[in-house]
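The values are calculated or read from the model by the stated rules, or taken from the named source; none is laboratory data. Quantities reported herein were computed from a predicted structural model and do not represent experimental measurements. In this analysis, Cβ positions are derived from the backbone assuming ideal geometry, glycine residues included, and neighbour counts consider all displayed protein chains.
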Amino acid sequence: MNILGGFLLGLGLALLWLGGLGMARFRSPYVRLQVAGVADIGGAWSFLVGLIFYTGWAATGGLTVVLMLFLLFTSPLATHAIAKSAFTRGMRH
């Protein structure tokens, strides 16, 4: 389980790093939202699942699942709110 946990931790960190790189690279707010959404869900979830496998369920399992559910519901809402405000302000590309 430590090998799987370490792999998922590394994968999550890599996805989050690539998301940060994409945020710095792209200029369009909509492309940035796409990059942030993929990095947030993919990277954070991989990292948190890896944390559960690496440390065990007893150490952080319950709290980590609550955090994953929080991210699952709030990340799309935040992305939608930012995209709607960008569209309202007239940012078309």
(request) Mind listing just one residue for me: the one in the stretch 64-81 that is surrounded by 11 or more Cβ atoms within 10 Å (Cβ to Cβ) and among the hydrophobic types (A, V, I, L, M, F, W, C) and, of those, farthest from the chain's Cα centre (by Cα)? (result) Val65
(message) Which residue is modelled with the lowest pLDDT, if the candidates are limited to the stretch 82-93 and must be of a type outside the set (D, E, K, R) and surrounded by fewer than 11 Cβ atoms within 10 Å (Cβ to Cβ)?
(response) His93
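I need the full set of residues from the stretch 25-50 which are among the β-branched types (Val, Ile, Thr) and either free of Cβ contacts under 8 Å to residues at least 40 places away in the same chain or surrounded by fewer than 14 Cβ atoms within 10 Å (Cβ to Cβ) (or both), in order please. Spell out how you get there, then give the answer.
Applying the first criterion (among the β-branched types (Val, Ile, Thr)) to the stretch 25-50 yields 31, 35, 38, 41, 49.
Correct list: Val31, Val35, Val38, Ile41.
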(message) Going by what's in this entry, would Gly22 be described as farther than 30 Å from Phe87 by Cβ, more than 11 Å from the chain's Cα centre (by Cα) and either surrounded by 17 or more Cβ atoms within 10 Å (Cβ to Cβ) or not charged (D, E, K, R) (or both)?
(response) no
(request) Please identify the pairs in which a residue from the stretch 64-93 that is farther than 19 Å from Ala44 by Cβ has its Cβ atom under 7 Å from the Cβ atom of a residue that is assigned to a helix (DSSP H, G or I) and of a type in the set (Phe, Trp, Tyr), counting only partners at least 6 apart or on another chain. (result) Ala83/Tyr30
(message) So the check is Cβ under 8 Å with 6+ separation or different chains; which pairs have a first residue in the stretch 2-24 that's on the phi > 0 side of the Ramachandran plot and a second one that's of a type in the set (Gly, Ala, Ser) and at pLDDT below 95?
(response) none
